[in-house]
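Visitor: Would you mind keeping the following structure in view while I ask a few things?
The values are calculated or read from the model by the stated rules, or taken from the named source; none is laboratory data. Computed from a prediction, not measured in an experiment: that's the story for all the values here. Counting neighbours? That spans all protein chains shown, and the Cβs are built from the backbone with ideal geometry, glycine included.
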Amino acid sequence: MVLYKDGKIYLKIVYWGMGASGKSTILKTLYRITKESKKDIIPIGELQIIEKASGATLYFDRGLFQSTKQNEVYYRVYTVAGQRGFTPLRRKIFDKTDDQTDAVIFVVDSRTYFLEDNIESLLELKNIANDRLLKEIPMIVMLNKQDLDNVIDEEDFKLILKDEKLWYEPGNKFYIWNPLIYTSCALYDQKKDIYRSFHETARRAVLYHVYGEGKAPTEIDIPQKSP
Ligand SMILES: Nc1nc2c(ncn2[C@@H]2O[C@H](COP(=O)(O)OP(=O)(O)OP(=O)(O)O)[C@@H](O)[C@H]2O)c(=O)[nH]1
Ligand SMILES: [Mg+2]
């Protein structure tokens with residue numbers, strides 16, 4: 001939920017996806033990229049990581065980022081614990097009554113072997129978001145672990161989105177809000193599309209908020225020059 005405090009705007013962005021798809025690694029890599037090089041977004045303070053000895057997230061990870069273009073805009077970024085059995089926890093992170101999510105990044109383990117698990121995670125998200133995905137909550141997809149063998153590509157995942165009615169056909173006024181699908185690698189030494197995908201999600205979160213009053217704005221609502 002958009003929070004206002006002392007003239008500042010706080011948007012909540014959540015990385016969602018099956019266990020071990022790479023959400024925590026993405027957040028850590030994003031943190032390093034934005035800390036070490038001059039970007040439109042900088043981290044504020046340290047990341048808060050709550051994990052098991054195995055590295056799997058036990059509760060959530062959290063980080064705060066600030067826009068350097070619009071200093072009053074902040075992003076509160078969470079990753080959920082993806083392992084089975086943590087559904088109530090994920091629901092709590094995603095949809096606390098007074099703190100709902102403003103944008104979601106769906107992180108896929110791209111290996112074909114895990115296709116069903118990814119779909120299960122997407123269905124859970126759909127269920128918890130309760131018909132608000134795309135319409136009120138912008139969504140971006142990361143096909144992560146693209147450095148490995150036997151992985152799915154954008155077209156494969158687009159079919160899943162179509163099946164799940166998370167894709168607008170050309171001509172629909174919300175066509176512009178179809179999830180962009182990034183093929184990523186979260187490992188810091190390869191870091192592919194980690195910053196770009198976050199930047200786009202942050203941009204959409206701001207646009208939904210500013211021009212759509214919390215809903216997907218149409219092209220008519222958005223001035224040529226986006227913020
Ligand atoms: N090869 C490869 N390994 C990755 C990539 N991203 C993450 N990993 C590895 O995958 C494992 C799980 O990554 P995490 O970031 O902990 O996954 P997670 O989605 O946070 O998992 P949960 O917290 O259990 O939901 C770790 O060993 C990572 O190093 C990637 O793009 N490529
Ligand atoms: Mg994690």
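Visitor: Check off (1) within 16 Å of ligand 1 (Cβ to nearest atom); (2) farther than 25 Å from residue 3 by Cβ; (3) in contact with a strand residue (DSSP E or B) (Cβ under 8 Å, 6 or more places away or on another chain) for residue 189 and give me the number that stays unchecked.
Guide: (3) is the only condition that residue 189 fails.
Visitor: Out of contact with any Leu (no Cβ under 7 Å at 6 or more places or on another chain), among the hydroxyl-bearing types (Ser, Thr, Tyr) and closer than 29 Å to residue 150 by Cβ: does that describe residue 29?
Guide: Answer is yes for this residue.
Visitor: Right, next: All but one of (1) in contact with an Asp or Glu (Cβ under 6 Å, 6 or more places away or on another chain); (2) more than 8 Å from ligand 1 (Cβ to nearest atom) hold for residue 89, so report the exception by its number.
Guide: If we test residue 89 against (1) in contact with an Asp or Glu (Cβ under 6 Å, 6 or more places away or on another chain); (2) more than 8 Å from ligand 1 (Cβ to nearest atom), just (1) comes out false.
Visitor: Restricting to the range 48-76, name every residue that is surrounded by 17 or more Cβ atoms within 10 Å (Cβ to Cβ), among the aliphatic types (A, V, I, L, M) and within 12 Å of ligand 1 (Cβ to nearest atom).
Guide: Within the range 48-76, just 49 meets the criteria.
Visitor: Next question. What is the one condition in (1) out of contact with any Asp or Glu (no Cβ under 8 Å at 6 or more places or on another chain); (2) under 30 Å from residue 150 (Cα atoms); (3) not aromatic (Phe, Trp, Tyr) that residue 57 does not satisfy?
Guide: Of everything listed in (1) out of contact with any Asp or Glu (no Cβ under 8 Å at 6 or more places or on another chain); (2) under 30 Å from residue 150 (Cα atoms); (3) not aromatic (Phe, Trp, Tyr), residue 57 misses just condition (1).
Visitor: Still on this structure, I have one more. Out of the residues in the range 125-153 that are within 16 Å of ligand 2 (Cβ to nearest atom) and not aliphatic (A, V, I, L, M), which is surrounded by the fewest Cβ atoms within 10 Å (Cβ to Cβ)?
Guide: Here the answer is 145.
Visitor: Report yes if residue 57 is at pLDDT below 95 and within 21 Å of residue 191 (Cα to Cα), otherwise no.
Guide: So residue 57 fits the description; yes.
Visitor: Okay, next question. Restricted to the range 6-21, and to residues that are away from ligand 2 (no atom under 12 Å from the Cβ) and over 14 Å from residue 202 (Cβ atoms), which residue is modelled with the highest pLDDT?
Guide: Selected residue: 8.
Visitor: Can you name the number of the only condition in (1) more than 24 Å from residue 12 (Cβ to Cβ); (2) in a strand (DSSP E or B) that residue 148 fails?
Guide: The single condition residue 148 does not satisfy is (2).
Visitor: Could you list, in sequence order, all residues of the range 155-211 that are within 15 Å of the chain's Cα centre (by Cα) and polar (S, T, N, Q)?
Guide: Selection gives 178, 183, 184, 197, 201.
Visitor: Give the number of residues within the range 21-47 that are among the hydrophobic types (A, V, I, L, M, F, W, C), closer than 30 Å to residue 119 by Cα and surrounded by 19 or more Cβ atoms within 10 Å (Cβ to Cβ).
Guide: The total comes to 3.
Visitor: Give me the pairs: first residue in the range 20-47 and β-branched (Val, Ile, Thr), second residue within 12 Å of ligand 1 (Cβ to nearest atom), beta-carbon distance under 6 Å, and six or more apart or on different chains, which are they?
Guide: Once the first residue is β-branched (Val, Ile, Thr) and sits in the range 20-47, its partners that are within 12 Å of ligand 1 (Cβ to nearest atom) give 25/186; 26/186; 26/194; 29/186; 29/188; 29/191; 29/194.
Visitor: Further, regarding this structure: Could you list, ordered by first residue, the pairs with Cβ atoms under 8 Å in which the first is in the range 210-227 and more than 22 Å from residue 69 (Cβ to Cβ) and hydroxyl-bearing (Ser, Thr, Tyr) and the second is surrounded by fewer than 14 Cβ atoms within 10 Å (Cβ to Cβ) and at pLDDT 75 or above, at least 6 apart or interchain?
Guide: These pairs meet every condition: 218/173.
Visitor: Could you please let me know if residue 24 is at pLDDT below 95, within 16 Å of ligand 1 (Cβ to nearest atom) and outside any strand (DSSP E or B)?
Guide: No.
Visitor: Test of understanding: among 112, 101, 79, which residue is surrounded by fewer than 17 Cβ atoms within 10 Å (Cβ to Cβ) and not aliphatic (A, V, I, L, M)?
Guide: Of the residues listed, the single one that is surrounded by fewer than 17 Cβ atoms within 10 Å (Cβ to Cβ) and not aliphatic (A, V, I, L, M) is 112.
Visitor: Please give the number of the condition residue 173 fails out of (1) buried (at least 19 other Cβ atoms within 10 Å of the Cβ); (2) of a type in the set (Lys, Arg); (3) modelled with pLDDT under 95.
Guide: The one condition residue 173 does not meet is (1).
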